[in-house]
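Peer 1: Structure provided below as structure tokens; questions to follow.
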Amino acid sequence: MKRFLVVLVALLALVAFAGGVVAQEKKAEPAKATEKPKAEKPKAPKALKASGAVVAYEAGKTIKIKAKDKELAFDIAADAKIKGEVKEGAKATVMYKKDGDKMVATGINVAAAKKPKAEKKVEKK
């Protein structure tokens, strides 16, 4: 009876170790040719912002602004959101993304022009 129990325990231990080896082999198998590799998500371009005075504007195509000491030129995306009336000399903020070496405007926000203060008329008596 003791001999039977020893053999039974030995067989159970052998099965337990063999099961672990088989499980490790399945993980180590190379990917099958029919499986598609997981595609990495392309990184979304970082949204950038520039502010300055409008130097040139061609509706729906390009805008140039003078920011600090340099002029920046942007192509305007077809779905760009434009708030306000874009005209030369107006202060504008351009939201853009880089597409290779080009800068593409995705949004343009033009500050409302300040109205000059009306002079108060003083009536003389």
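What follows draws every value from the coordinates through simple rules; no lab data is involved. Everything quoted here is computed from the prediction, not taken from an experiment. Here the Cβ positions follow ideal geometry from the backbone for every residue, glycine too, while neighbour counts run over all protein chains shown.
Peer 1: Calculate, in nm to one decimal, what Met103 and Leu11 gain on full extension: separation in residues at 0.36 nm each, minus their alpha carbon distance. Walk me through the numbers on the way to the answer.
Peer 2: Values: separation 92, 0.36 × 92 = 33.12 nm, distance 7.04 nm.
Net length gain for the segment: 26.1 nm.
Peer 1: Here's a follow-up. Ranked by Cβ crowding within 10 angstrom, fewest neighbours first, how are Val94, Val110, Val9 ordered? Write down the numbers at each step before the final one.
Peer 2: Values: Val94 25, Val110 18, Val9 10.
In increasing order of surrounding Cβ atoms, one gets Val9, Val110, Val94.
Peer 1: Counting other beta carbons within 10 Å of each Cβ, put Phe74, Phe4 in order, fewest first.
Peer 2: Listing Phe74, Phe4 from fewest to most nearby Cβ atoms yields Phe4, Phe74.
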